[in-house]
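Worksheet: one structure, shown below.
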Amino acid sequence: MNKVIITEHPLIQHKLTLMRMKDTGSKDFRELLTEITMLMGYEVTKDLPLTDIEIDTPVGKTNSKILAGKKLAIVPILRAGIGMVDGFVSLIPAAKVGHIGLYRDPETCKPVEYYCKLPQDIGEREVFLVDPMLATGGSATAAIELLREKGAKNIRLINLVAAPEGIEEVHSKYPDVDIYVASVDEKLDDHKYIVPGLGDAGDRLFGTK
C-alpha cells in the first residue's frame, strides 16, 4: 500500500538531467524519454511471473524460463504519455496499447476527458498507466477512475517526474496503485507546474506551445 518506487539508476538520472535542460530540442527529448522508459521498464516488470518450459538448444534439451502468459496493457495519458509507449513496447511487444485523452483546463487546472479507447479485455490485463509528469495528480486519478470503470483491477502508474502533491493525491484515492518514478521533485508552483520539473512535456515532445 502507498508504495512509491524511485528508479535511481545512474543512466536514468543522467538522461533525466539532459531532458530537464531547457535547450534540449524535441528530437533529443523524445529519444531520451524512450530510453528512460526502457530503463524504467526493467524495474516495473521485474516481478512478472515466469514458468518453465522444455526447449531444444543447438546442443540439446533444457528447461528454461519464459513469461507465464500474463496479459499486459500499456495505457498512455494523451498526449505526453504517447512518448513513453515505444520504450515499453520495445520490451514487451505482445502488450496491447490503449489510450486515455485528458487535458488540464487552464483556468481550473482540473482534468477534462476527451477520449478513451482500451483493449476489450482490459479487466484481465496488468495495466501500465504512463505519463511523464505527475503534477497535481488530477489526470492520473481521472485516468485510474476510467480504467476501474472499464474493469481494470491491477494498475501501475509510471512517471518520470512527480510532485509530492501528486503522489499524495493518487494514494489518497487509490492506495493500491504503485507509483514508479525517476524523480520526486520539490513542489508545485502557483501555476501547478512541477518545480524544478522539465517544463510542459507535451510541448517539448512535439515542438508545440
Pairs, please: C-beta under 8 Å, at least 6 apart or cross-chain, first residue under 18 Å from H191 (Cα atoms) and among the polar types (S, T, N, Q) and in segment 132-153, second assigned to a loop (DSSP other than H, G, I, E, B) and open to solvent by less than 20 Å² (accessible area, probe 1.4 Å)?
-> T136/A163
Out of curiosity, is A162 open to solvent by less than 30 Å² (accessible area, probe 1.4 Å), farther than 16 Å from G83 by Cα and modelled with pLDDT of 95 or more?
-> yes
From the list L146, L157, which residue is aliphatic (A, V, I, L, M), buried (at least 17 other Cβ atoms within 10 Å of the Cβ) and modelled with pLDDT under 95?
-> L146
Of the conditions (1) buried (at least 18 other Cβ atoms within 10 Å of the Cβ); (2) not in a strand (DSSP E or B), K70 fails just one. Which one is it?
-> (1)
Scan (1) open to solvent by less than 10 Å² (accessible area, probe 1.4 Å); (2) assigned to a strand (DSSP E or B) for the single condition M84 breaks and write down its number.
-> (2)
Name the one entry in I77, I92 that is open to solvent by less than 40 Å² (accessible area, probe 1.4 Å), at pLDDT 95 or above and not aromatic (F, W, Y).
-> I77
Output the residues belonging to segment 10-61 that are touching a helix residue (DSSP H, G or I) at 6+ places or on another chain (Cβ under 7 Å) and of a type in the set (G, A, S).
-> S26, G41
Look at A80 and say whether it is of a type in the set (A, V, I, L, M) and in contact (Cβ under 8 Å) with a residue 40 or more places away in the chain.
-> yes
All-but-one check, Y115 against (1) over 22 Å from Y180 (Cβ atoms); (2) under 17 Å from the mean Cα position of the chain (by Cα); (3) open to solvent by 50 Å² or more (accessible area, probe 1.4 Å), failing number (2)
Starting from segment 1-24, take each residue that is without any contact (Cβ under 8 Å) to a residue 24 or more places away in the chain and list its partners that are of a type in the set (F, W, Y) and surrounded by 11 or more Cβ atoms within 10 Å (Cβ to Cβ), counting only C-beta distances under 9 angstrom and pairs at least six apart or across chains.
-> L18/F29
Does any residue of segment 110-123 turn out to be among the hydrophobic types (A, V, I, L, M, F, W, C), in contact with an Asp or Glu (Cβ under 8 Å, 6 or more places away or on another chain) and in contact (Cβ under 8 Å) with a residue 12 or more places away in the chain?
-> no
Mind checking which residues of segment 23-65 are within 24 Å of the chain's Cα centre (by Cα), open to solvent by less than 90 Å² (accessible area, probe 1.4 Å) and farther than 16 Å from Y180 by Cα?
-> T24, G25, S26, D28, F29, E31, L32, P49
State the number of residues belonging to segment 161-188 that are within 19 Å of F128 (Cα to Cα) and of a type in the set (S, T, N, Q).
-> 1
Which members of segment 95-141 meet the condition of being part of a strand (DSSP E or B), at pLDDT below 90 and of a type in the set (D, E, K, R)?
-> R104, E113
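The values are calculated or read from the model by the stated rules, or taken from the named source; none is laboratory data. Note that the structure is predicted; figures quoted are calculated from it, not measured. Virtual Cβ from ideal backbone geometry, glycine too; neighbours counted across all protein chains shown. Ligands, DNA and RNA are stripped out before the accessible areas are found, and what is left, the full protein with its side chains, is counted by its heavy atoms. Shrake-Rupley method; radii C 1.70, N 1.55, O 1.52, S 1.80 Å.
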